[in-house]
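Encoded as structure tokens, the structure appears first; notes follow it.
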Amino acid sequence: MGYILCFAAVVGFLPAYGQQAPCSGPEYRQFDFWVGDWDVYHATADTIVGTNHIKNILNGCVIEENWTGGGGNFQGKSFNTYNPVDSTWNQVWVDTGGNTYHFSGRYANHVMSLTGETISRRTGGKVLFEMSYTHDPTEDTVRQVWKASSDTGKSWNTIFDGVYKKKPEK
């Protein structure tokens, strides 16, 4: 009897035959332009600031980022998912500096726009974030701009401005 209940519970989580597989709709592919192996350059100079390996994981339900800063001492990861309930993309960023940031936003016109907020460890005040990933399909590049505001959005400072260029295939 225990085996039957266990089997019934497991089957209850499986998609019904003929049903669309989870994470297979076109909205789940909106951020796929970022998938690949990249050298990341400072936006206004021909200087590499890091590398990034972005991949689809968990049957296409998650886009995983693996960032390494130019010196190799700073690393970070993000996990990006689409939420069909509110039609948003959500990102959680974690890094070797002990930081965790949560972002949410949408994709439109080749741009993934995300916002978030945190409490500054240094000042204890609220910090707002805006981040955009702009895909240039002609050049197959991505420009990422990350800005922060500690005055409720009255002024913004650019934290990061980089251009992703695909690494040559081996």
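If you go through the range 30-65 and keep only what is of a type in the set (Asp, Glu), under 12 Å from the mean Cα position of the chain (by Cα) and surrounded by 15 or more Cβ atoms within 10 Å (Cβ to Cβ), you end up with Glu64, Glu65. If you go through the range 113-125 and keep only what is open to solvent by less than 40 Å² (accessible area, probe 1.4 Å) and not in a strand (DSSP E or B), you end up with Ser120, Gly125. For His110, the conditions (1) of a type outside the set (Val, Ile, Thr); (2) at pLDDT below 95; (3) open to solvent by less than 40 Å² (accessible area, probe 1.4 Å) are fulfilled apart from (3). Residue pairs whose Cβ atoms lie under 7 Å apart, separated by 6 or more positions or on different chains, with the first residue in the range 58-78 and more than 22 Å from Gly98 (Cβ to Cβ) and the second open to solvent by less than 30 Å² (accessible area, probe 1.4 Å) and in a strand (DSSP E or B), are Val62/Asn80; Ile63/Ile54; Ile63/Asn80.
In the set (1) under 23 Å from Glu27 (Cβ atoms); (2) polar (S, T, N, Q); (3) surrounded by fewer than 16 Cβ atoms within 10 Å (Cβ to Cβ); (4) modelled with pLDDT of 95 or more, the condition left unmet by Ser155 is number (1). Filtering Thr88, Thr81 for residues that are among the β-branched types (Val, Ile, Thr), free of Cβ contacts under 8 Å to residues at least 60 places away in the same chain, open to solvent by less than 20 Å² (accessible area, probe 1.4 Å) and over 15 Å from Tyr164 (Cβ atoms) leaves a single hit, Thr88.
Looking across the range 133-144, the residues that are open to solvent by 30 Å² or more (accessible area, probe 1.4 Å), in a strand (DSSP E or B) and not acidic (Asp, Glu) come down to Thr134, His135, Arg143. Taken over the range 20-53, the residue count meeting the criterion of being of a type in the set (A, V, I, L, M), touching a residue at least 40 places away in the same chain (Cβ under 8 Å) and under 27 Å from Pro84 (Cα atoms) is 0.
For the residues Thr138, Thr100, the requirement of being under 20 Å from Thr68 (Cβ atoms) and among the hydroxyl-bearing types (Ser, Thr, Tyr) singles out Thr100.
The values are calculated or read from the model by the stated rules, or taken from the named source; none is laboratory data. Owing to the predicted nature of the structure, the values given are computational and were not obtained by experimental measurement. Note: ideal-geometry Cβ built from the backbone for every residue, glycine included; neighbour counts use all protein chains shown. Accessible surface areas use protein heavy atoms only, side chains included; no ligands, DNA or RNA. Shrake-Rupley method; radii C 1.70, N 1.55, O 1.52, S 1.80 Å.
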